[in-house]
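As structure tokens, the structure follows; a few thoughts come after it.
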Amino acid sequence: MNNLLTLEEVKSFLESDQRELEEYIKQGKLRAFKIGGSFIRFRKEEVLTLRHEILPRKGKHASLRPSFFSRIYDFWLFNNFYIISLMIVVALALLVLRS
């Protein structure tokens with residue numbers, strides 16, 4: 001099991017930006033490891049500990065379940081081509097059937 005997280009994963013998990021992560025590293029709250037000289041990784045246990053310190057207590061599944069509108073928006077983003085195509089086909093079929 002991989003216990004190291006990438007920079008993007010940590011930013012997303014802590015809901016922080018690059019500047020805030022640099023501050024946590026400077027303050028010693030989070031240790032960063034370089035792998036291959038350029039890729040920064042963080043230990044999952046340290047990130048979990050820091051998350052409990054900086055983020056307020058939330059419900060057990062509060063961040064895991066997206067809102068209804070978020071789900072509708074995602075559905076539209078992934079299926080808009082098919083929805084628009086279906087509307088065009090139906091409109092053309094109605095046009096042909098009326099004439």
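Based on DSSP loop calls and a cut-off of at most 12 other Cβ atoms within 10 Å, the longest stretch of the chain free of exposed trypsin sites (Lys or Arg not before Pro) is what?
61-99
For Y24, Y82, Y73, what's the fewest-to-most ordering of other Cβ within 10 Å of each Cβ?
Starting with the residue having the fewest Cβ neighbours, the order is Y82, Y73, Y24.
What is the sum of charges around L48, taking Lys and Arg as +1, Asp and Glu as -1, for the other residues whose C-beta is under 13 Å from the C-beta of L48?
Result for the local shell: 0.
If I model a spin label at K34 and F75 as a point 7 Å from the Cα along the Cα→Cβ vector, what separation in nanometres do I get?
4.8 nm
Choose one answer from I40, I25, I83: the residue with the largest mean-square fluctuation in a GNM of the chain with alpha-carbon springs under 10 Å.
Of I40, I25, I83, the Gaussian network model singles out I83 as fluctuating most.
Tell me, in nm to one decimal, what length is gained between M87 and E8 on full extension, where the rule is 0.36 nm per residue of separation less the Cα-Cα distance?
That works out to 24.6 nm of additional length.
Write down, largest first, the equivalent ellipsoid semi-axes of the chain in whole Å, where each equals the square root of 5 times an eigenvalue of the alpha-carbon gyration tensor.
On the way: eigenvalues 439, 60, 23 Å².
Working from the Cα gyration tensor, I get semi-axes of 47, 17, 11 Å.
Among S16, S85, S70, determine the one that fluctuates most according to a GNM of the chain built with springs between C-alpha atoms less than 10 Å apart.
Residue with maximal mean-square fluctuation among S16, S85, S70: S85.
Pop the C-beta distance of E53 and E20 into the FRET formula with R0 = 22 Å and round what comes out to the nearest 0.05.
Once rounded, the FRET efficiency stands at 0.95.
What's the local net charge at T6, with K and R +1, D and E -1, over the other residues with C-beta under 13 Å away?
It works out to a net charge of +3.
Counting pairs of alpha carbon atoms under 8 Å apart in space and at least six apart in sequence, what relative contact order in percent does the chain give?
Rounded, it is 24 percent for the chain.
Using the alpha-carbon atoms, what tilt in degrees (0 to 90, nearest 10) does helix 44-54 show relative to the longest principal axis of the chain?
90 degrees
Here, each number is a calculation from the coordinates, and none is a lab measurement. This is a predicted model, so every value here is computed, not measured. Cβ sites come from the backbone with ideal geometry, for glycine too, and all protein chains shown count toward neighbours.
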